[in-house]
Each structure stands twice: as C-alpha cells, then as structure tokens.
Amino acid sequence: MIPALAGVLATPVFAQDKPAYLDPTLPVEQRIDDLLQRMTLEEKVAMVHASGEFRAGSVPRLGVPFLWTADGPQGVREETKLDSWDLAGRTDDYVTAMPVGMNLAASWNPELAVACGKAIGEEACARGKNVMLGPSLNIMRTPLCGRTYDYFGEDPWLTSRMTVGYVKGMQAEQTVACLKHFALNNQEYNRGTVNVEVDERALREIYLPGFEAGVKEGGALAVMGAYNKFRGQHCCHNEYLLNQVLKKEWGFQGAVISDWGGTHDTREAALYGLDLQMGGRAPHDECFLGRPFREGILKGEFPMSVLDDKVRRNLRVLFASGGMDGRLPGSVNTPAHLAISRQVAAEGIVLLKNSTGLLPVDLSRYKSIAVIGENAVLKFAPGHNSAGIKSFKEVTALDGILARVGGAANVQFSKGFRHPEIHWSGKRDHAGVRTSDSNAATPEEAKALTERAIRAARESDLVIFIGGLTHQSFADDEGVDRRDLSLPANQDDLIARLAEANPHIVVVLISGSPVLMPWLEKAPAVLQSWYGGSEAGNALASVLFGDVNPSGKLPCTYPKSLGDEPAHQGGKRTYPGENGTVHYDEGLLVGYRWFDAKNVEPLFPFGFGLSYTTFTYGNLKVIGDGSSTAAVECEVTNSGAREGAEVVQVYVQPKLPSVLRPVKELKGFAKINLKPGETTKIRVPLNGRSFAYYAPEKKGWVAEAGEFGILVGASSRDIRLSGSYTLVGTTLVQ
Ligand code: GLC
C-alpha cells in the first residue's frame, strides 16, 4: 500500500457538508472507496479507456475530471487536436526542451535526474497534464534500436539510478511519471508485433531492474505496456509481467496504461493487468475496454472487482496528480528550467579523445575557426517523434559557438555534407517496415560541399567538425531502427580529408546512439554530444572553450563493428527476429557484459570519458562483516591543473560462481567534483542485490557465499583499484 494512501477505513465517514470523496482531509483510499460506490457501471468503464488522443475518463456527474497525459521524456509535447495525432497549432504550448535520456544518463548524475524530472513535472502542471509519458528506460540491447536516444543505455544499475531520480523529481511536483515501455521494447523493427523470447535470468537481471527500481524506490504510479509481445502475449495485457511481476511481486499500486494502439483483446485486457486503454479514435466506447468490456461484465464474463480495481488504480493517479483537489500552478520556460537543461546537456558531453591537448580551445591561439558540418545548424528537439518538443528555444551548435567566441576569433561555417532528407514513400519492405525515398546529395552536390569545406579548413587555424545523426528516420528515430552504425552521408570521408587539410581538428558527434569512427586516428580531439535540448549549443560551446570541464561517461559500449555486438551473433534469429519472434540468445551478456565475457576490444568501453584534468585513486577499503551489507571506500585526487568532476565506478566480480555470471557488473558509482590537488573520500554502499543473481527455481535472488572482486575504476575497462570481499553464507535477498 502506498504510505500516503494507507489508513483505509472500512466504511466511509462523510463530513457534514461534502461527500467523502471530495474531502481532502480524508485518506485517499477512503475517498476512492466512497467514489467507487457512487459510480454507475457506465461511469466506471468510462474511466478505463481514452476519451481523446491524450485524455482519459471523466465522470461529469460526480465532478471527476479528465485524466490528461502528455509525452514525453524530454518535455511536455505540444498540444494535438483532441482526437487525433494532428498538431493543434497553438501558440501557448512552447516548453523547455530537456536533453534526451542518453544525454542524462551520460552525466551519471542522479541529482540531475531529479532536477530534470522536477522541471518537466513543473511544466506539466503549468500545461495541465496529470501524467507524463516518461521516463523511457528500456535497455540498449542493440545500438541499432531507433529509440536508443530516448533510453538510459545498456546497464541496469545506471538505468535504475536515472529512473528513480527522474520519477522522484517529477512526482514531487504532483505529476505522475509513467515508466515505459514495460517491457522488452528493445527494437523498433516490427515493434507492434514482434514476440520476445528471453530467459528468466536475463529478464530479471537486465531488462526489469530499472522498472523494479522505478516502482519500489521511485514510487512511480504509472507504467506503460510495451507494443511487443513477451512469450507470445502482448505486453499491454500480459499475465506474467503485469499481474505476477509488476502488481503481485513488486506491489505496484498505480495504473498500467497501454501504449497507443497496444491493446489487442478485451478478455486479455480485462484479466491480464491493463488498467487504461489509450490510443484509438472516437467513438472511444467501442475500444476493447469500452462497450465489449462492459457487456462482458453484464454477462458475468468478468467480475465487477476486475473493473473496480482498474478504476481504483486510475483514480489513485488522478488523486496523486491533484486532479480532485486542484493542482500546483507549475511553471514553464523559466530561467531555472533552462539552467537545468543546460547543466544536463553539458554534464553529459563525453570527451572521447584529446591526444594533443587541442581541447579546450585556446582562443588566444586560434583566431580563425571553420565550423563544418550540417549538424551544426540542425535543431533536434522536434525530432523525438512521439516525444517531439516544440521548444521556445533551442540553441544550435553553431549559434552556441558564435555566442561564446564573440569577437575573439573569426568563425566561418561550411555545411560540408547534406544528410539525406527522408521522405516516406508509403511503401513497406519485406518486414512491413516503412520504406522511404531519400534524396541523398548527388555526387556533384557532395563534391561541391566537400571542396568548399576543405577550402574553409585550409584557410582557418582550427576546424570544429560537427556531424552525427539526423534524429530522423533510420538515424535515431522512433518506429524504425538504424540500418548500420556508420555516419550518414559522406561524413567519414569528409572528416578524413578535413584532417589532412588541417590537423587542428575537433570532431563533435551529435547523436543519440553509438557510431563507427574509421577516421579516429586522424582526429586529435573527439567529443560525443547528444540531442541536448534548449541549451544544447551553449552547453557544447562551454565544453569546447573550457568554461565547463567535461565529465560525461558513456552509458553504452561503442563497438568497433556491429558484428562485435551480442544481439548480432545469430543472424535474423537474434535480430530483428524471424517468423515474428526475436530470441535474446545472448541472455545476460548485454553490452559490456558481452565484450568482457568474449574478450572483445570495444572502440570505447562502457563508462568511458576523459576530462581536462586527471584523477588518481587510492586507499581502497572494502568494509563489511561477511554479510551482504558492505561498503566500498576509496580516495580520489584531482592530480591535474583544472577543477573537474569524476565518476568513480564500482564493479562487482564473482570469483567462482556456481552459475553463469557476467565477469563484472556495475553495482555503484559516485560523481565528485574536485579542485586541483583536492582529495576526497567516496563511499559506495553495497547490499544483497549487489552480489546476487536471480534463481528462477527459487523465484528469488541468491547472494551466494564466496569471494567477490571489488573493482573501482574510471570506466569498465580502466580499473584503478582492486579489492575483494567474501560473503559468508548463501542467502536469499529481496
Ligand atoms: C508512441 C510511443 C510511446 C508514446 C505513445 C504516445 O507510439 O511508443 O512512447 O508515449 O505512443 O505518444
């Protein structure tokens, strides 16, 4: 029971002048009981399905308002027409665009996740939205997944820390967070129909922990069912995932909302855990949880208690979001929100290479700068598809650089390349995936763009190349996966030629997922930036010119080739699936877990990120009494000449496990800011789950007696301190 909703009395007590459900001094469960018993069957059914594109419910007779939802994880999406996807074209729905999930995850700063959730929650209040359809937290199983940008990367622990922070920040602002997409929506290819087959341990240890933490620690009151199937049953009405795991095991008290159009059957929706069917057009009562459900109840096919439980869960969401008692006013487009957006963007930028110390750019030395690349002038916030943001401000990379450089140097821009503009042809390929006609640049156009860019490079002291993906179709986009990991257009060739024309070149990648870098040896400096929201260009400029010391760490492995990736080892069977089913044959070995187990060298490892300063580690202590409650302590010193932040990562390594286990797993981290010469001690707690694996035969987590390596490092492949800890006795842990 949610603490705030505890204390349900057996029979409602009415205050003198108003019915219990309208009395804010009474416990919410009591108010819901009172309201439920006043509702007719028709009114209850109206509460469990959409009454508009992003609206559900309402019971006018009893003063129960609509429940308003809005995408998406990066901010409150603009208004659509009431009953369609079409945009309403209003002028009062501009918002702050927050950076995408991968950008937030790359900050490894849970406090920023709280701040981000809080800011979006405040903007949701200002826009009258009860539920935000976010965070998105599916694990990156393949870097080809079209929505990788939306998520928090490949690791369950990092994902869970970002999720908990985001949910707590948002729900503290009377806005309900909706964890999505539950579960196993790890590809966009055939997302609406693909059936996922994955073993129980991988499900529990890799794909569910973020959701589990979001519910148990974060207190999330909404969960969105995924489009795909799991073990043959649609996730929007899945007996095992929703009734057994989410509601029974985890004690979830909120509402399961379908993804839009993700509901396929009245009986399953009624009995297998769906509480609110969203998506679809008027007449909404004709949906699976409308008239057919009501008729099923009248015929005795479904007990009334099934409907009452759904209504109760939706009412909990309505009450928790101030729907019955008035909402916080919230705020939108404030300087505070812009500041958070900028801090998240900057803290998530990852310095991948700086071999000659070219960064940060010294403007006393470089007096002419060529900014080259179409990504420098693109705006990405609208590109999040269902989560597209109409931001009242989005600073491009070029604008950020121009603003920062001012008159200190001459800046010229050359497009260098043109992304293929994708126009949907409306046709579908063999797998039913939308195909497109892309008017890629002709060889003549590409040649002309290249030559102009090379001329600009030659005549400048410094080149800042800004490329990456387009956040359009086949290149970081919802609904379609990427076809490969290469940079689109002729960027690879252009970067190599620019580096020959001018060795003082910084390569900035703006993307939401990993890319290949055949030109890496030729580039002395490389930054991974992301779709960074309203202040993206200013955040990038602050890192380029040293106002901010980069502290981002990769939330996922960057492979040397797609063929090194675990999801791509078994042909179509393992991705994107065959005969309608995709098999996660790699099991637990997702991301760095695979690269470790198979001893494959990545291009850049999970958790990697450089700084403009250096850090040394020392004095490791692993504290504990042999039980699974332990702690890792060590000291970190800023051994360089600039203030900076470091993310100290703690990996746990079972030495002689009795079952297959990853070589090591991230089980804690701490982000610290240090002045030059400063030393601080960090302490990372470990608990039962830090050591445990999921035992299907026990239906629980086992912390097995034995020795564990405790590895402390600056990335998953840069271990600075090693210790060990021995668990005395095997225990079942929560
Ligand atoms: C979309 C997405 C989901 C979004 C929903 C409403 O298809 O899968 O993330 O929240 O529909 O737009």
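The values are calculated or read from the model by the stated rules, or taken from the named source; none is laboratory data. It should be emphasised that the depicted structure is a prediction, and the values quoted were computed from it without experimental measurement. Please note: Cβ atoms are built from the backbone with ideal geometry, for glycine as well, and neighbour counts cover all protein chains shown. When the accessible area is computed, the model is the full protein with side chains, heavy atoms only, and any ligands, DNA or RNA have been set aside. Shrake-Rupley method; radii C 1.70, N 1.55, O 1.52, S 1.80 Å.
Structural remarks
- Amide H contacts of V95 (H built 1.01 Å from N, in plane; Pro and chain starts excluded): K390, S391, F392 sit under 5 Å, all sequence-distant by 5 or more or on other chains.
- Assigned charges on the beta-carbon of Lys, Arg, Asp, Glu; region 349-553 dipole about Cα centre (debye): 180 debye
- Note on region 613-733: dipole from Cβ charges, positive end direction compared against S658, I719, T613; the farthest Cα belongs to S658.
- Projecting label points 7 angstrom from Cα along Cα→Cβ for D547 and L298 puts them 6.5 nm apart.
- For region 557-612, the solvent-accessible area with a 1.4 angstrom probe is 37 square angstrom per residue.
- 11 Å beta-carbon shell around S51, net charge (K/R +1, D/E -1): -2
- In this simple spin-label approximation, S627 and K522 carry label points 7 Å from Cα along the Cα→Cβ vector, and these lie 6.0 nm apart.
- Of the beta bridges in the chain, as assigned by DSSP with both residues counted there, near 65 percent are antiparallel.
- Here the chain is treated as an ellipsoid with the same Cα gyration tensor; its semi-axes, largest first and in whole Å, are 42, 31, 25.
- Residue order for V508, V728 - accessible surface, 1.4 angstrom probe, largest first: V728, V508
- Positive-end residue, the chain charge dipole about Cα centroid, Cβ charges, pick of A320, I623, F417: I623
- Signed unit charges on C-beta, dipole axis of the chain, positive-most listed residue A346, A202, A387: A346
- 19 Å reach of a label modelled at T614, 7 Å along Cα-to-Cβ, counting backbone N of region 528-549: 549
- If only the Cβ of Lys and Arg carry +1 and only the Cβ of Asp and Glu carry -1, the dipole of the chain around its Cα centre is close to 500 debye.
- Using the Cβ-Cβ distance between D325 and T193 with R0 set to 51 Å, the FRET efficiency works out to roughly 0.75.
- Gyration tensor (alpha-carbon) shape descriptor, region 265-375, a/c threshold 1.5: prolate
- Mean ellipticity per residue at 222 nm, deg cm²/dmol - from DSSP H runs of n ≥ 4 across the chain, formula -39500 (n - 2.57): -6500 deg cm²/dmol
- Accessible surface of region 214-254, 1.4 Å probe, proportion on carbon and sulfur as whole %: 44 percent
- About the Cα centre, charge dipole magnitude for region 517-635 (Lys/Arg +1, Asp/Glu -1 at Cβ), debye: 240 debye
- Segment S639-R452, extension gain: residue separation times 0.36 nm, minus the distance between their alpha carbons: 63.0 nm
- Mean Cα-pair separation over length for region 557-612, i.e. relative contact order, pairs under 8 Å, 6 or more apart, %: 42 percent
- Among the protein heavy atoms, those of T40 account for about 60 Å² of accessible surface (1.4 Å probe, every chain in place).
- Cα centroid of region 630-665 to Cα centroid of region 164-214, whole Å: 26 Å
- Within the full protein context, the accessible area of K655 is estimated at about 90 Å² for a probe radius of 1.4 Å.
- Pairs of alpha carbons in region 557-612 whose separation is greater than 13 Å (percent): 60 percent
- Apportionment of accessible area to carbon and sulfur, region 349-553, percent (1.4 Å): 49 percent
- Distance distribution P(r), region 583-713, all Cα-Cα pairs, bin width 5 angstrom from 0: 2, 9, 17, 19, 18, 15, 10, 6, 3, 1, 0 percent.
- R0 of 35 Å, Cβ-Cβ distance K393-D461: FRET efficiency to nearest 0.05: 0.70
- Listed residues D17, D34 arranged by accessible area, highest first, probe 1.4 Å: D17, D34
- Using R0 = 22 Å, the C-beta based FRET efficiency linking A408 and T356 works out to 0.55.
- Gained length - N439 relative to D265, 0.36 nm times residue gap less alpha-carbon distance: 58.6 nm
- Solvent-accessible area per residue for region 613-733 (1.4 angstrom probe, square angstrom): 43 Å²
- Normalised per residue, the accessible area of region 361-414 is 37 Å², obtained with a 1.4 Å probe and no contribution from ligands, DNA or RNA.
- Packing, as the average of other Cβ atoms within 10 Å across residues, places the peptides 197-206, 158-167, 283-292 in the order 158-167, 197-206, 283-292, highest first.
- At most 12 other Cβ within 10 Å, DSSP loop - chymotrypsin sites (Phe, Trp or Tyr not before Pro), region 28-124: W85
- K44, K168, reordered so the largest accessible area comes first (probe 1.4 Å): K168, K44
- Carbon and sulfur %, accessible surface of region 557-612 computed with the full protein complex present, 1.4 Å: 45 percent
- Between L41 and D83, the contour length at 0.36 nm per residue exceeds the alpha carbon distance by 12.7 nm.
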